[in-house]
Every structure is written in C-alpha cells, then in structure tokens.
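Below you'll find the structure, written out as structure tokens, and then a few comments.
The values are calculated or read from the model by the stated rules, or taken from the named source; none is laboratory data. Worth saying up front: this structure is predicted, and the values here are computed from it rather than measured. Cβ placement follows ideal geometry from the backbone for every residue including glycine, while neighbour counts extend to all protein chains displayed.
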Amino acid sequence: MTAHLSDTFQHPWQRIRGEFEAAGIELGLDRVRACWVESPFSRLPAPVCITVAGTNGKGSTVALLNTIYSQSGYRTGVYTTPHLVHFHERIALGDEFIDDDQLNELYLHFEPGARRHRLTQFEIDTVVALAAIWRAQVDVAILEVGMGGRLDAVNIIDPDCAIITCIALDHVAILGPDREAIGYEKAGIMRTGRPVVVSDPAVPQSVLDRATEVGADLWRIGVDFHFAGDKQQWGWATHPSRGGRRYSGMAYPALRGANQLVNAAGVLAAIETLRARLPVTAQAVRNGLALVELPGRFQIVPGQPVLVLDVAHNPHSVAALTENLDAMGFYPTTHAVFGAMADKDLTAMLARVAPLIDVWHLTDLPTPRAATAESIRDALAAGVLGRGRIGGCHPDPMAALQAAVAEADPADRIVVFGSFFTVGGVLHSGIPRLAAKHLGT
C-alpha cells in the first residue's frame, strides 16, 4: 500500500485528533452511535461487514481477510488500530491508505458533532474511518476492535460476521481480571442469527454462553472447522454439518509464526460463512495466503545481524514470540530492544522470554502511558534477568537499536518487541538494514 503523507505540516485532522486526546478512554456506545447516526454517511448503502475482536491475532486476521478478498476481486475497506508509524495506516481503501485531504475533510465534518456528543479520540477516529469506508462503497468492510468489543466504538456497526481470535490477559483494569471476564467483553460483537467464528482453541465458557444467549451462529475451531499440517503444507476443512468444504495441500501463510495457522483457519471459516454473498475461489485463498503482508508481526529482516520485529505486548503474545525465536535456530548472542506500556504485566512478559536474551537494550517510549527504561531495568533486576545483562537504557527505540548494532557481531540477532511504539520507532524511516562490524575490523 502507498500512503500520501505530509509529516512536516500541521494538518487540521492532526489538530482535531490532538484536541480529543485529553478525553482519554470512556467505553460506551450511546455517544458515538448518536454522532454516527446523525451523519449522512450512515445512510449510505452498507458494505458486507466483518468485525474482528480478540487479544492477539487480530491484525493477522484482518490482513489475511483483506488480502484474500482483494485477490478475489473485491474492493475492501479496512480499519485497524493502532498504527506502527503513520496514522494513515489505520484506514485503507483498496490498496491505498487514506490521504491527508480525505482526513482533513472528514475530521472537519465530524468535529462539531464529536464535540457535542463528547467523543473520545478513538471514537472520532472510528466515525471518520466508517465514513471513509462507507463513502468509498467498498464490497467488504473489515473492522478491528480497539479494546474489548461490547463497548468498543466499532461495535456501533452490526457485523455480518464476527470473528473472535485468541483471548488472553490484557487491559485487565478495564476489561476484567481473567479470561472469562475478558471473553464476555469480546463476545459483545456477536449478533442474533449471524455467524461468529471463534478461533481460540480454548474458548472461555463466557463466550459460548453469550453465543447461546443471543442466538448467534457459532463456528468453533475444532468443532465446526479444523486444520492440520506437516512441515511442508497444511489443510483445512469444515465439519460435514457445515458443508464439508475442504482445502488441502496449501502453502503456509506468508506471515511467520506457528500461531498463524490458527488465525488463517478462522479466516477461512469466516469466508465460508459469507460465501453466498462474497464467493471466493480456492486460487484466491492460495494467492492471499502467499501474498499477505503485515509489518511487525514476527517480521524477520535479513542482515548482519538478523533483525526480528514483533509487536508482542502481553504475556501471551510474548510467549508466542519466544516459541518462534526458539524455532529460528542457533545464534551466538540475542540482543533485545524492549519498551512497553506501564500497565502491562512486565514481570510475566520478561520472565517468559528472558532465557533467550543475552543483552537487553531498554528504551523509553513517546507516550506518558509507557514504562520508563529505568523501571524496566529494575523489573529485570528484581529476579527475571536470567543469564542476560543490561546493555543500557536509551531515550528512544532507534537509539536502543543503534546501541545493539554497535555491540552485536554479524552472526547475532536483534529482537525488537514490547509495544507498537517500540517497533514503530525503528520503522519510522523505513525498514532498517543492519550491518554490524565484522570481528577484527
């Protein structure tokens, strides 16, 4: 995708977003729904809509859906959050990110209503994204929930198909202290009589209960559809009661990581539920799996040393990152560039990956919500450092990466993870190509 960016000028949309930032987080649908319903965009013909909720795997699921439907010849509109580098990444129309002119027009249009209804920043972002997608008259809208589901602004739209990916502990202060409570919030995107695909193999009971309560058409991994694979290829099939459709001998998704088959299996189930309205060929599925791209999800950048970028930012996603790193093979030294939000379970995250990290380069992040590099250092020193050592504390991710490169040998690897801000900080000027000094030079 290409973006029309202008980082050197202050645009009206940037000013408006900044002024709504102080509202913080205020979950609830009444205010944002009122702002959306009174706009002329809400009365435009609605596309087929897929809403994606979950703790981990949402971004990969959205990317796979977008690529497969695009390969089928459908025009897509995508709303995701957060972004890695530029806000424009959050709204895509076809193969283009939204441009500054459209953002200026739509934020100015919604500003009066957003002030009248006291919207938060995320809520005005959402109505702007919906307006852009509805106005473009796309065939299918793919909407990613920001947090939770039941009270998230995206949930003002009734999806034709809902997807719930892996459910894990994150945002516990807002969503609840355990998977059952968090699952209940995610299940809020279900609708009566409409399909909901659950790709979490250990789905909380609260999700199943909610599906029964609202009368949703539940598609459950391991029950209504399943997948299997070996080292070379994989296959997917639905239960005979769900039509018995089968794909076999497929190449693995271009997105790396063992967890991507679970995401892809859920995507194929969602596509199956909408087949009557949006037919998809087997070749489009194969092409989509091969061509999908999503920066920052176990993204391996060749170089000397190898660079791994992953937005893993909670214990469950860090556990998946750890498994993927372990499967990469031997590297003499693994350097970590790490920065995270202060509300995360830092001890659990760090303890899980610490056995694989030899040197930690810790970084501050450009948001008041972030933990400081010094506080992360203290958390490591409190007992989870393992065999590693602290390489330093740095003011920003790029400074931390540069310090890691200066210390690394060409055969090492550097892993950048912990937050979208951490990965985005090293991608701001493009994908880094690393070239450490060879020994003796």
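Search the stretch 105-138 for residues being assigned to a loop (DSSP other than H, G, I, E, B) and closer than 24 Å to residue 54 by Cα, and hand back the single one that is nearest to the chain's Cα centre (by Cα).
Going residue by residue through the stretch 105-138, those that are assigned to a loop (DSSP other than H, G, I, E, B) are 117-120, 136-138.
Next cut, closer than 24 Å to residue 54 by Cα only: 119-120.
Working: 119: 23, 120: 21 Å.
The selected residue is 120.
Would you check which residues across the stretch 57-115 are on the phi > 0 side of the Ramachandran plot and at pLDDT below 95 and list them? Let's see the steps before the verdict.
Residues of the stretch 57-115 that are on the phi > 0 side of the Ramachandran plot, as a first pass: 57, 73, 94.
57, 94 - these are the residues of the stretch 57-115 that are on the phi > 0 side of the Ramachandran plot and at pLDDT below 95.
Just checking, which of 294, 350 is more than 25 Å from residue 384 (Cα to Cα) and either aliphatic (A, V, I, L, M) or in contact (Cβ under 8 Å) with a residue 40 or more places away in the chain (or both)? Don't jump to the end; show me each part of the working.
Numbers: 350 fails: more than 25 Å from residue 384 (Cα to Cα).
None of the other options fit; the residue is 294.
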Checklist entry - Hey, does the stretch 83-92 have a residue that's within 18 Å of the chain's Cα centre (by Cα), more than 17 Å from residue 288 (Cα to Cα) and free of Cβ contacts under 8 Å to residues at least 60 places away in the same chain? => result yes
Checklist entry - What single numbered condition from (1) crowded, with 19+ Cβ neighbours inside 10 Å; (2) modelled with pLDDT under 95 fails to hold for residue 173? => result (1)
Next on the checklist: Tally up the residues in the stretch 354-378 that are more than 20 Å from the chain's Cα centre (by Cα) and in contact (Cβ under 8 Å) with a residue 60 or more places away in the chain, please.
Outcome noted: 1
Item to check | Output for the stretch 223-258, where each listed residue is crowded, with 18+ Cβ neighbours inside 10 Å and among the polar types (S, T, N, Q) | outcome: 238
Next on the checklist: Just to be sure before I move on: is residue 375 farther than 25 Å from residue 165 by Cα and assigned to a helix (DSSP H, G or I) in the structure I sent?
Outcome noted: yes
Checklist entry - So which residues in the stretch 295-349 are touching a Ser or Thr at 6+ places or on another chain (Cβ under 7 Å), at pLDDT 90 or above and either farther than 15 Å from residue 422 by Cα or surrounded by fewer than 21 Cβ atoms within 10 Å (Cβ to Cβ) (or both), if there are any at all? => result 341
Checklist entry - Just to be sure, is residue 103 out of contact with any His (no Cβ under 8 Å at 6 or more places or on another chain), surrounded by 18 or more Cβ atoms within 10 Å (Cβ to Cβ) and touching a residue at least 12 places away in the same chain (Cβ under 8 Å)? => result no
Checklist outcome for this item: Counting only residues in the stretch 259-291 that are in contact (Cβ under 8 Å) with a residue 60 or more places away in the chain and assigned to a loop (DSSP other than H, G, I, E, B), the one surrounded by the most Cβ atoms within 10 Å (Cβ to Cβ) is identified as 259
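Please work out if residue 62 is within 25 Å of residue 148 (Cβ to Cβ), in contact with a helix residue (DSSP H, G or I) (Cβ under 7 Å, 6 or more places away or on another chain) and outside any loop (DSSP other than H, G, I, E, B). Break it down stepwise before answering.
Details: within 25 Å of residue 148 (Cβ to Cβ): yes; in contact with a helix residue (DSSP H, G or I) (Cβ under 7 Å, 6 or more places away or on another chain): no; outside any loop (DSSP other than H, G, I, E, B): yes.
So residue 62 does not fit the description; no.
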Next on the checklist: For the stretch 57-75, give me each residue that is within 22 Å of residue 152 (Cα to Cα) and crowded, with 24+ Cβ neighbours inside 10 Å.
Outcome noted: 57, 59, 60, 61, 62, 63, 65, 66
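Output the residue which, of all residues in the stretch 6-57 that are part of a loop (DSSP other than H, G, I, E, B) and without any contact (Cβ under 8 Å) to a residue 24 or more places away in the chain, is nearest to residue 106 (Cα to Cα). Break it down stepwise before answering.
Quick first cut of the stretch 6-57, residues part of a loop (DSSP other than H, G, I, E, B) only: 6-11, 24-29, 38-39, 44-47, 54-55, 57.
Filter once more, so that each one left must be without any contact (Cβ under 8 Å) to a residue 24 or more places away in the chain: 8-10.
Numbers: 8: 21, 9: 18, 10: 16 Å.
Here the answer is 10.
Within the stretch 369-381, is there a residue that is among the β-branched types (Val, Ile, Thr) and under 23 Å from residue 332 (Cα atoms)? Explain how you work it out, then say what you get.
Our first condition is that a residue be among the β-branched types (Val, Ile, Thr); within the stretch 369-381, this holds for 372, 376.
Among the residues that remain, those that are also under 23 Å from residue 332 (Cα atoms) are: none.
Scanning the stretch 369-381 turns up no residue that is among the β-branched types (Val, Ile, Thr) and under 23 Å from residue 332 (Cα atoms).
State all residues of the stretch 265-282 that are touching a Gly at 6+ places or on another chain (Cβ under 9 Å) and not β-branched (Val, Ile, Thr); if no residue qualifies, say none. Step through it out loud before you land on a result.
Looking only at the stretch 265-282, we keep the residues that are touching a Gly at 6+ places or on another chain (Cβ under 9 Å), and these are 266-267, 272, 275, 280.
Those that are touching a Gly at 6+ places or on another chain (Cβ under 9 Å) and not β-branched (Val, Ile, Thr): 266, 272, 275.
If we scan the stretch 234-246, do we find a residue that is under 18 Å from residue 53 (Cβ atoms) and not polar (S, T, N, Q)? Talk me through it step by step, then tell me what you get.
Going residue by residue through the stretch 234-246, those that are under 18 Å from residue 53 (Cβ atoms) are none.
Looking through the stretch 234-246, none of the residues is under 18 Å from residue 53 (Cβ atoms) and not polar (S, T, N, Q).
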